[in-house]
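Asker: Pasting a structure below so you can have a look.
The values are calculated or read from the model by the stated rules, or taken from the named source; none is laboratory data. Please read these numbers as outputs of a predicted model, since none were measured by experiment. Counting neighbours? That spans all protein chains shown, and the Cβs are built from the backbone with ideal geometry, glycine included. Ligands, DNA and RNA are stripped out before the accessible areas are found, and what is left, the full protein with its side chains, is counted by its heavy atoms. Shrake-Rupley method; radii C 1.70, N 1.55, O 1.52, S 1.80 Å.
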Amino acid sequence: MFERRQTRTLQVGGVQVGGTAPISVQSMTNTHTDDAEATLAQIRQLADAGCDIIRCAVPDMAAAEGLKRICKESPIPVIADIHFDYKLALAAIEAGVDALRLNPGNIGGEDKVRAVVEAARVRNIPIRIGVNAGSLPKDLLEKYGHPTPEALVEAAWRHIRILEDMDYRNIKISLKCHDVPMTLAAYRLMASQCDYPLHVGITEAGTVNSGIIKSAVGIGTLLAEGIGDTIRVSLTGDPVNEVKVAYEILKSLGLRAYGPTLISCPTCGRTRINLEKLALEVERRLADIKETITVACMGCVVNGPGEAREADVGIAGGIGEGLVFRKGQIVRKVPEDQLVEELFKEIETILSERKEKK
């Protein structure tokens, strides 16, 4: 297990962030927030996929109005994403949001910032300061010549100090770029300078294909170094994919257990079954299971059961037939076309046995 950076703790609704709390998974709705019905439908899908915290864009007062119902009915804590207009932040707080994402230096003068801070203080609402390489202040771009890790951190501290000067430290921070090395360097630098919780992600990472790789490398590296208290995988398209990928990253590092884990061998010359087809079918059917279970799809009976002995259950292909095994021990031999069905019978048995023991 990795030694996590010690941070302050804060509360986003019913989810604790920082300290020794589990690393939380966040996503963002891509519906129009003023359409509360559509937004809630998407939030419920995301919550069902395992999302811990959701963020909603609040570009106008109609969106802030929509938050009233969204906050009331959402199954998970809601963060309001605010830019430039302090009145939207006040309206979001009044609507019942659990946290704000805003940069205090961008919402007006001291009196306006103080109004938001005092309203947030009354309701114990955390504020996430989010710095993005694509929107750095002009003077910092002139100072550093282009976006750099140092520029990102300096920009973040400007906003942090505004809140600290108002004795407000219910803060978390993000420093995002689409560039992985720059993101890593920025988070490492910030982690060395404060103990605020960090929200980690690679912004504008891309589509499911390219974005997964960049996110896994960037987020995974930071988590392996103990940096990160919440994460968001930013992908173009359905945000449910963000949550699924986030959990795969966390599971691969042993940081969260959620749902099934599929082990599947890359195949070799010993493979005599259509393992890719079998593995994809198993993966599809595992999507309906919420319990933690490790399932293996192995290409040959020679090494398959032994190589996947840590799996709860698995199959290994032979010639026109295959083995079903549990914890490396062979349970039975079945024809190839029955492997998936027999595997899921075994999975159902395992899950039923667990329920009986509880």
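Asker: So the check is Cβ under 6 Å with 6+ separation or different chains; which pairs have a first residue in the stretch 1-23 that's on the phi > 0 side of the Ramachandran plot and small (G, A, S) and a second one that's open to solvent by less than 10 Å² (accessible area, probe 1.4 Å) and part of a loop (DSSP other than H, G, I, E, B)?
Answerer: Close Cβ pairs satisfying both conditions: G18/P197; G18/D229.
Asker: Go through (1) farther than 15 Å from I289 by Cα; (2) open to solvent by less than 20 Å² (accessible area, probe 1.4 Å) for F344 and report which single condition fails.
Answerer: Among (1) farther than 15 Å from I289 by Cα; (2) open to solvent by less than 20 Å² (accessible area, probe 1.4 Å), F344 violates only (1).
Asker: Taking interchain pairs and intrachain pairs at least six residues apart, which have beta carbon atoms under 7 angstrom, with the first residue in the stretch 193-216 and in contact (Cβ under 8 Å) with a residue 40 or more places away in the chain and open to solvent by less than 40 Å² (accessible area, probe 1.4 Å) and the second assigned to a helix (DSSP H, G or I) and not acidic (D, E)?
Answerer: As it stands, the answer is L198/Y187; L198/M190; L198/A191, since those pairs meet every condition given.
Asker: It is to be established whether one or more residues within the stretch 289-304 are modelled with pLDDT of 85 or more, loosely packed, with under 14 Cβ neighbours inside 10 Å and charged (D, E, K, R).
Answerer: yes
Asker: Continuing with the same structure: Of the residues that make up the stretch 258-281, is at least one in contact with a Phe, Trp or Tyr (Cβ under 8 Å, 6 or more places away or on another chain) and within 30 Å of E3 (Cβ to Cβ)?
Answerer: Yes, some residue in the stretch 258-281 is in contact with a Phe, Trp or Tyr (Cβ under 8 Å, 6 or more places away or on another chain) and within 30 Å of E3 (Cβ to Cβ).
Asker: It is to be established whether one or more residues within the stretch 169-182 are touching a Pro at 6+ places or on another chain (Cβ under 8 Å) and among the basic types (K, R).
Answerer: yes
Asker: Can you tell me which residue is most open to solvent (accessible area, probe 1.4 Å) among those in the stretch 183-192 that are under 15 Å from P147 (Cβ atoms) and touching a strand residue (DSSP E or B) at 6+ places or on another chain (Cβ under 9 Å)?
Answerer: For the stretch 183-192, the residue satisfying everything is L189.
Asker: Here's another thing I want to ask about it. Looking at (1) on the phi < 0 side of the Ramachandran plot; (2) touching a residue at least 60 places away in the same chain (Cβ under 8 Å), can you tell me which one N124 breaks?
Answerer: (1)
Asker: Quick test for you: out of G220, G228, G254, pick the one residue that is under 14 Å from the mean Cα position of the chain (by Cα), touching a residue at least 24 places away in the same chain (Cβ under 8 Å) and at positive phi.
Answerer: Residue meeting the stated conditions: G228.
Asker: Condition first: closer than 30 Å to K251 by Cα, among the charged types (D, E, K, R) and open to solvent by less than 40 Å² (accessible area, probe 1.4 Å). Can you find one or more residues in the stretch 162-182 that meet it? Walk me through it before giving the result.
Answerer: Residues of the stretch 162-182 closer than 30 Å to K251 by Cα: 170-182.
Subset that is among the charged types (D, E, K, R): 172, 176, 179.
Cutting the leftovers down to open to solvent by less than 40 Å² (accessible area, probe 1.4 Å) gives us 172, 176.
Checked against the condition, which is being closer than 30 Å to K251 by Cα, among the charged types (D, E, K, R) and open to solvent by less than 40 Å² (accessible area, probe 1.4 Å), the stretch 162-182 yields at least one hit.
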